[in-house]
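Step one of this worksheet: look at the structure below.
The values are calculated or read from the model by the stated rules, or taken from the named source; none is laboratory data. What you see is a predicted model; the values in this text were computed from it and never measured. Ideal geometry is used to build each Cβ from the backbone, glycine not excepted, and the neighbour counts take in all protein chains shown. In case anyone asks, the SASA skips ligands and DNA or RNA and just uses the protein heavy atoms, side chains included. Shrake-Rupley method; radii C 1.70, N 1.55, O 1.52, S 1.80 Å.
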Number of protein chains: 2
Amino acid sequence: MVYKHHVPSLDRLIHELKKWPGVGPRSANRWANWLLRTSKVEIQQLRQALKDIKTNIKKCPGCFTLTEEEKLCYLCDSPTRKKDIICIVEEPFDIAHIEASGKFKGQYHVLHGALSPLNKVTPEDLTLGPLMDKIRKGQIKEVILALDADMEGDITALYIGKMMKNYHVKVSRLAHGIPFGGDIDYIDEQTLGRALENRVEI
Amino acid sequence: MVYKHHVPSLDRLIHELKKWPGVGPRSANRWANWLLRTSKVEIQQLRQALKDIKTNIKKCPGCFTLTEEEKLCYLCDSPTRKKDIICIVEEPFDIAHIEASGKFKGQYHVLHGALSPLNKVTPEDLTLGPLMDKIRKGQIKEVILALDADMEGDITALYIGKMMKNYHVKVSRLAHGIPFGGDIDYIDEQTLGRALENRVEI
């Protein structure tokens, strides 16, 4: 289904919205209609926010997450968070998820990707150098790998595990298993296999 | 679920996206992430399109749909479309739907709403005056009401039908019934009721 309004700026807006992941012509059309009725002030706020994400955001020199702070991000700068435990994530957006769980109160380190022979992502493309600098300083006791549960995540976990072998650092990875509320009938075999391997005594 | 990135312009963008109809925190978060990785050029195109819909679009003086043309819209201006039949719609966006069906080759008239005693939409709020001006000129032979199948649409259809009673104009309304591909088991009773009332001989 293609909606063509023959109103150039409207058709251009719909064309731009359809580029977004998971957005089809029907949704793009609906939102263009909504945006058309929205006040100029609201549109200006949206336009400003779009501009700001491209101009204001940079990487934290401590953990490489996204920040607008002049020096360290709010996580690296926090005096109450543990300094001797690092949670390693692939992307900055992963941090908000882990923070929402409320179960981790240490430092983060963002790799900005995962090793992938297929997509030619090599160790040099990730922030592994600065990570090893932190480890060499000797103040890190534990590293938690919060990587995606896919092939890239597995390769990256293996690689980091090897890199840290000669240092006195405890390295662990997030548990893989049945999700909370998950029905065993509906779990795929790979998840079920990992849940069996990683079974815990009660 | 609330994702808080503690990156003000990012959180602002997510806040703006969550205002859109049917967009929850998960989608807003996903698109903010995608927009963050999109090129500056792409973002600028989106910002320009958002600006343009607020500055370039006006109402066609003929049918009151949205247009960027100096005089009449491309539909009113078309030399090949029939001049003696008008399809009346509630909103400009309805036209693209009807055009997509390819079954109508006449003129349109956009009411910009429907009568609603509840929401205090009166005949004066709609473009009924200019519609009657067209009818009085005597060149219109047929009027098709393509209004929504709800209470407001019913009231508006009734009102327009009465207004046109004293003119030699054939007035009809879009057929209500079972949608194409519809399974009778799953059709609601109101639709089924109307489909029975409007049954056609074969």
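Couple of notes before you dig in:
- Close pairs from segment B:82-109: first without any contact (Cβ under 8 Å) to a residue 24 or more places away in the chain, partner open to solvent by 30 Å² or more (accessible area, probe 1.4 Å), Cβ under 6 Å, at least 6 apart: B:Phe93/A:Asn33
- Evaluation of B:Tyr186 against (1) loosely packed, with under 13 Cβ neighbours inside 10 Å; (2) within 14 Å of chain A (Cβ to nearest Cβ) (one fails), failing number: (2)
- Odd one out for B:Thr80 among (1) at pLDDT 95 or above; (2) open to solvent by less than 60 Å² (accessible area, probe 1.4 Å): (2)
- Only one of the numbered conditions (1) touching a helix residue (DSSP H, G or I) at 6+ places or on another chain (Cβ under 7 Å); (2) farther than 18 Å from B:Lys141 by Cα is not met by B:Glu99, and that is (1).
- Criterion violated by A:Thr122 - all others in (1) in contact with a Leu (Cβ under 8 Å, 6 or more places away or on another chain); (2) open to solvent by 50 Å² or more (accessible area, probe 1.4 Å); (3) touching a residue at least 24 places away in the same chain (Cβ under 8 Å) satisfied: (3)
- Remark: pairs (first residue in segment B:7-32, more than 7 Å from chain A (Cβ to nearest Cβ); second residue among the small types (Gly, Ala, Ser) and open to solvent by 10 Å² or more (accessible area, probe 1.4 Å); Cβ separation under 8 Å; 6+ apart in sequence or on different chains) = B:Leu17/B:Ser27; B:Lys18/B:Gly24; B:Gly22/A:Ser27; B:Ser27/A:Gly22.
- Residue within segment B:102-109 that is over 19 Å from B:Val171 (Cα atoms) and either away from chain A (no Cβ under 13 Å) or not β-branched (Val, Ile, Thr) (or both) present: yes
- Boolean, A:Met164 is free of Cβ contacts under 8 Å to residues at least 40 places away in the same chain and more than 26 Å from A:Pro79 (Cα to Cα): yes
- Residue match in segment A:42-51 (condition: open to solvent by 60 Å² or more (accessible area, probe 1.4 Å), of a type outside the set (Lys, Arg) and more than 9 Å from chain B (Cβ to nearest Cβ)): no
- Residue check, B:Leu50 closer than 30 Å to B:His5 by Cα and either within 15 Å of the chain's Cα centre (by Cα) or of a type in the set (A, V, I, L, M, F, W, C) (or both): yes
- Residues considered: B:Lys141, B:Lys137. Of these, the only one that is within 14 Å of B:His109 (Cβ to Cβ), open to solvent by 100 Å² or more (accessible area, probe 1.4 Å) and not aliphatic (A, V, I, L, M) is B:Lys137.
- Matching residues in segment B:155-183 - criterion: being within 16 Å of B:Ile88 (Cβ to Cβ) and open to solvent by 100 Å² or more (accessible area, probe 1.4 Å): B:Leu158, B:Lys162, B:Lys165, B:Lys170
- Which numbered condition B:Glu90 misses (of (1) open to solvent by 20 Å² or more (accessible area, probe 1.4 Å); (2) more than 11 Å from chain A (Cβ to nearest Cβ)): (1)
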